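To start, the structure itself, in structure tokens.
The values are calculated or read from the model by the stated rules, or taken from the named source; none is laboratory data. Here the structure is a predicted model, which means the values were calculated and not measured. Cβ atoms come from the backbone with ideal geometry, glycine included; neighbour counts cover every protein chain shown. Calculation scope for accessible area: heavy atoms of the full protein, side chains included, ligands and nucleic acids excluded. Shrake-Rupley method; radii C 1.70, N 1.55, O 1.52, S 1.80 Å.
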Amino acid sequence: MKTTVNEIRNTFLNYFAKNGHKIIPSSSLVPNNDPTLMFTNSGMVQFKNIFTGNETAPYKRATTSQKSVRAGGKHNDLDSVGYDVRHHTFFEMLGNFSFGDYFKEEAIAYAWELVTKEFCLPKDKLAVTVFHTDEVSRNIWRKVSGLPEDRIIGIKTKDNFWQMGDTGPCGYCSEIFYDHGEHVWGGLPGTPEEDGDRWIEIWNLVFDEFEDLPDGSRIDLKQKCIDTGMGLERISAILQGVHSNYEIDLFQNLIGEIANIANSDPKGKLQSSHNVIADHLRSSAFLIADGVLPSNEGRGYVLRRIMRRAMRHIHLLGVNEPMMYKLLPALQKEMGEAYPELYNAEALIKDTIKTEEERFIKTMDRGLKLLDEETANLKAGDILDGETAFKLYDTYGFPLDLTQDALKIKEISVDTEGFNVAMERQKAEARKNWAGSGDTGTDKIWFELQDKLGGTEFLGYTTLKADCQVTALVQDNQEVNEINSGKFFLIANQTPFYGEMGGQVGDKGKIYGKDLEIEVTDTKKKLDGLYVHVCNLIKGNIKTGATATFEVDKQTRNAIEGNHTVTHLLHKALQLKYGKSVTQKGSMVAAERMRFDIAYNKQIPENEIRDLENEVNRMIRANHKVETKIMSQEDAINSGAMALFGEKYGNEVRVVCVGDGLSTELCGGTHVRQTGDIGYFNIVSESAIAAGVRRLECVTGEMAEKYNQDIEDKLHRVGQCLKASFGDIEARISQLLEEKKDLETKLFELKKKFVSNKAADNPNNFENINGIKFVGKILENITSKELKAFVDEIKAQYPDNLVVSLFSINEDKVSVVIGVSQDLTSKLSAVDIIKSIAPLVGAQGGGGRPDMAQTGGADTSQLDKAVEAIRQFVKK
């Protein structure tokens with residue numbers, strides 16, 4: 001069966017859609033529901049809370065082609081990538097899922113029908129494995145497939161017991177293997193030759209029926225689920241009749257473009273380099289599109305390692321300029337239809353990769369040169385010491401795996417223990433900085449409460465005040481029935497309080513009733529729709545089941561709404577000015593201010609800041625209507641609504657529309673009714689917070705008025721000090737600066753004249769030392785620059801037979817300048833004189849020319865000795 005990767009993906013998804021499964025888009029590579037994972041590494045990650053029963057979905061069956069990365073943490077394939085035919089950092093995982101609907105029998109039947117009928121794989125080329133005690137699955141395979149007993153193999157190892165990570169869903173699994181033929185070495189699973197490449201796993205069917213908890217215990221899942229995973233690249237290799245994943249059409253097209261740009265032979269001795277570059281291009285582009293940027297910690301560090309590994313292999317091809325970013329169009333051609341984020345984030349991907357290439361090229365040559373020097377006397381089987389490996393990392397940005405990869409071809413290994421000792425401090429810091437994507441310690445109680453109570457109905461889009469019933473109280477991380485004092489958390493059946501989400505802070509306000517007063521200092525949104533009020537009991541007590549009035553602080557909420565709507569306007573203004581590649585990377589919307597982080601590689605100059613302010617204020621003055629629509633996610637995206645990559649949206653989404661198509665974004669926040677309600681907008685500051693990310697700090701409404709009023713008040717006070725009207729301040733300051741400059745010039749001339757006259761206003765002011773005119777003076781509050789000018793002035797008046805030495809004490813420091821007339825320089829050098837007295841002023845030495853030299857120090861106690869020392873030097 002000859003077909004393209006894109007056709008194979010569609011065949012899989014359409015088969016399961018035909019069998020009642022909903023096609024769900026791939027989730028972000030950055031998991032937002034699992035703190036134990038660095039990257040999404042399988043199709044089931046986005047469904048974890050559904051599997052555990054802590055969330056419900058509007059469908060019981062789903063199918064996906066999930067973007068996945070295995071390059072960090074427990075699931076790490078990086079070292080093998082490029083050197084074998086199977087492993088990748090980025091891959092697509094095809095999967096079908098059942099959430100309490102069908103189980104083993106249907107899952108096995110679907111799998112067998114798909115591989116034998118849709119993909120037309122011959123039965124005699126297939127074998128399956130089951131966990132050795134899982135007789136249920138074994139019997140189903142017998143019935144469904146008719147495979148002989150020696151092709152239904154019981155496995156005792158963890159290969160047939162699947163775990164997502166240290167915690168999470170797990171269960172028995174059954175794997176389908178394909179036979180590449182007798183010409184390839186290897187044997188069936190469970191045989192001594194199982195590690196060969198003849199029999200290759202193509203599909204893993206996981207029967208999730210347990211959950212591993214952080215305390216090490218294992219419990220039954222609330223509902224039995226199916227989670228399957230088929231590597232798109234592997235099945236494509238089989239269906240296209242090739243042995244290596246890198247020979248499928250997708251990779252061959254990428255590798256062809258690499259060879260074209262690099263003018264290289266993709267089948268030559270550097271074939272593995274072409275494979276590495278093609279693989280790492282995919283992971284780099286998709287990680288950047290999902291909001292990961294290269295850095296020195298966490299996910300960004302792993303991305304940087306991947307990118308630099310690819311860049312080293314580009315260097316091996318003989319390319320010494322940025323090239324990786326030029327490959328993006330080829331990747332878009334192959335995968336852009338299935339993953340439009342490759343187009344939406346095109347500018348960000350290109351700019352990020354190119355910037356990283358330019359940065360790394362500057363240090364790579366030096367790093368590789370050092371590596372060659374350190375290994376010049378090493379031979380195959382030798383070990384590079386860990387300190388040198390660490391130096392490469394610390395000085396040249398070479399991760400350990402990059403050094404190992406560079407030495408792999410020479411069969412030289414690295415002393416990783418020595419490297420780890422040198423790296424210990426940095427690793428400890430990295431572990432401290434890595435916080436994952438959630439807090440497992442506090443999530444448990446909210447999962448339990450949501451399971452018991454369900455979600456909270458949010459009323460705050462239409463009202464700021466409502467009577468609500470208390471459904472749960474939590475104090476000291478324990479659920480309680482009554483609160484009599486202190487701080488605590490409160491959950492109700494409904495609430496007008498907005499829970500912190502999407503960058504918008506939680507509402508503040510009060511809860512009150514008869515003999516009851518509670519201050520609400522914050523509101524959090526936990527899990528899927530559980531609103532948690534952060535409370536402080538002021539008066540009375542509160543019990544579960546009680547009814548009270550919940551009232552949001554109106555002034556604070558109104559200010560928050562103005563700041564939230566203005567983020568949409570600013571986003572629009574930025575894209576109008578710089579293009580759609582400028583996308584939101586984060587935001588914080590509070591009452592007093594808002595900040596907006598964007599993907600942009602340059603500092604925004606002041607004149608362009610003013611342009612953005614003017615554009616946003618024009619939108620505000622136009623008083624555009626702000627409307628909210630409830631739509632399906634698919635319809636919203638198709639209508640042109642902007643969605644933020646990495647955000648998790650439900651089946652139904654809120655779409656905030658400003659004006660007639662001015663701005664349309666998926667957003668669950670609260671907003672003004674009309675843009676005129678915002679009042680006024682100012683950008684207070686602009687700064688860089690990460691590579692390729694700028695931050696704008698802004699104010700609106702009353703805070704913007706206060707910001708401008710404060711500036712006006714300061715200017716009025718400045719005007720009063722200058723005795724100038726408001727409109728004349730600038731001219732008055734310019735006038736004063738000119739006057740100051742003129743006075744400084746006149747003062748300098750007066751000082752110079754005073755010193756020169758004092759030194760030489762009559763012959764008696766000179767000492768005569770063996771016929772040489774000598775001046776030695778100690779002055780105060782004269783700068784070294786002025787001192788030099790004074791010496792020049794005296795020398796100009798008395799050009800012959802003169803030695804002049806001037807000292808000045810200024811701000812507890814000594815400056816010394818010595819001048820010698822040109823006719824004496826053959827026997828008296830100013831440099832020699834200055835060096836002879838330097839220790840007396842606390843200086844290490846001095847410098848200059850034979851006719852002029854200077855020094856300076858901090859010792860003011862021996863200046864008379866210094867003058868006398870010069871006098872004696874002249875006498876010699």
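Helix 606-621 and the long axis of the chain differ in direction by around 50°, with both axes built from C-alpha atoms. Listed by chain and number, the lysines whose alpha-carbon sits under 17 Å from that of residue 572, ignoring those within fewer than 8 places in the same chain, are 580, 585, 625. Structural size metrics of the chain, computed from C-alpha coordinates, are Rg and Dmax of 37.3, 126 Å.
For the range 262-342, a Kirkwood radius taken over Cα pairs fed into Stokes-Einstein (20 °C, viscosity 1.002 mPa s) yields D = 162 µm²/s.
Extending 7 Å from the Cα toward the beta-carbon at both residue 244 and residue 453 defines two label points whose distance is 5.8 nm. Computed from the Cβ-Cβ distance with R0 of 25 Å, the FRET efficiency linking residue 124 to residue 85 stands at 0.65. A cut-off of 5 Å between modelled amide H atoms, ignoring neighbours fewer than 5 places along the same chain, links residue 382 with 413.
Between the beta carbons of residue 467 and residue 556, assuming R0 = 30 Å, the FRET efficiency works out to 0.90 to the nearest 0.05.
Using 0.36 nm per residue and subtracting the Cα-Cα separation, the extra length available between residue 377 and residue 580 on full extension is 67.7 nm. Given the options 578, 132, 532, identify the residue whose Cα lies farthest towards the positive end of the charge dipole of the chain (+1 on Cβ of Lys, Arg; -1 on Cβ of Asp, Glu). Value: 578.
Considering lysine pairs in the range 44-163 that are 8 or more places apart or on different chains, how many have Cα atoms under 17 Å apart?
8
In degrees from 0 to 90, rounded to the nearest 10, what is the angle of the helix 386-396 Cα long axis to the longest principal axis of the chain? Taking Cα atoms only, the helix is inclined about 70 degrees. Working from the alpha-carbon coordinates of the range 44-188, get Rg over Rh, Rh being the Kirkwood radius. Rg/Rh: 0.96.
Each residue of the range 146-152 was assigned a 3J(HN,Hα) from its phi angle through the Karplus curve 6.51 cos²θ - 1.76 cosθ + 1.60 (θ = phi - 60°); the sequence is x, 5, x, 4, 6, 9, 10 Hz, with glycine and proline shown as x. Normalised by residue count, the range 756-876 yields a Cα convex hull volume of 88 Å³ per residue.
Per residue, the accessible area of the range 567-616 comes to 44 Å² when a 1.4 Å probe rolls over the protein heavy atoms.
Plainly put, the range 322-394 has a radius of gyration that is 1.21 times its Kirkwood radius, both from alpha-carbon atoms, as the Rg/Rh ratio. The trypsin sites (Lys or Arg not before Pro) found in the range 763-841 that occupy coil by DSSP, while having at most 11 further C-beta atoms within 10 Å, are 827. Our compactness index for the range 121-230, the C-alpha radius of gyration over the empirical 2.2 N^0.38 Å, is 1.14.
Here residue 611 and residue 733 are evaluated by their C-beta separation; at R0 = 30 Å the FRET efficiency comes out at 0.70. Partner aspartates and glutamates whose Cα lies under 14 Å from the Cα of residue 510, excluding those fewer than 8 positions away in the same chain, are identified as 467, 519, 522, 551, 553. For residue 585, nonlocal amide neighbours, meaning residues 5 or more places apart or on other chains whose placed amide H falls under 5 Å from its own, are 597, 598, 599.
Computed from phi, the 3J(HN,Hα) profile of the range 104-117 under the Karplus parametrisation 6.51, -1.76, 1.60 (θ = phi - 60°) reads 4, 4, 5, 4, 5, 5, 4, 4, 5, 5, 5, 6, 8, 9 Hz, with x in place of Gly and Pro. Among beta bridges identified by DSSP and lying wholly in the chain, the antiparallel ones come to about 85 percent. Compared with the dominant principal axis of the Cα atoms in the chain, helix 440-453 is inclined by about 40°. Here the scattering of the range 457-578 is modelled by Debye summation over its C-alpha atoms, one equal scatterer each and no solvent; at q = 0.20 Å⁻¹ the log10 of I(q)/I(0) is -1.05. Amide H to amide H distances under 5 Å link residue 39 with no residue, where only residues 5 or more positions off or on other chains count and H is placed in the peptide plane. For residue 811 and residue 743, the difference between the fully extended length at 0.36 nm per residue and the C-alpha to C-alpha distance is 22.3 nm.
The fraction of accessible area contributed by carbon and sulfur in the chain is 46 percent, rounded to a whole number (1.4 Å probe; ligands and nucleic acids excluded).
Descending by average beta-carbon neighbour count within 10 Å, the peptides 723-734, 692-703 line up as 692-703, 723-734, the highest first.
Comparing 720, 819, 307 along the charge dipole axis of the chain, the residue lying farthest to the positive side is 819, per the Cβ-charge model. Placing unit charges on the Cβ atoms only, positive for Lys and Arg and negative for Asp and Glu, gives the chain a dipole magnitude near 1980 debye about its Cα centre. Remark: the range 444-582 carries a charge dipole of roughly 560 debye about the Cα centre, counting +1 on each Lys and Arg Cβ and -1 on each Asp and Glu Cβ. Taking each residue as 0.36 nm, the span from residue 720 to residue 408 lengthens on full extension beyond its C-alpha to C-alpha distance by 104.9 nm.
Considering every pair of different Cα atoms, what Kirkwood radius, in Å, is found for the range 185-312? Hydrodynamic radius (Kirkwood, Cα pairs) of the range 185-312 is 18.1 Å. Using θ = phi - 60° in the Karplus curve 6.51 cos²θ - 1.76 cosθ + 1.60, the 3J(HN,Hα) couplings for the range 466-475 round to 7, 8, 9, 9, 6, 10, 7, 10, 10, 9 Hz; x is entered for Gly and Pro.
What you get for the range 757-876, charging only the Cβ of Lys and Arg (+1) and of Asp and Glu (-1), is a dipole of about 320 debye around the Cα centre.
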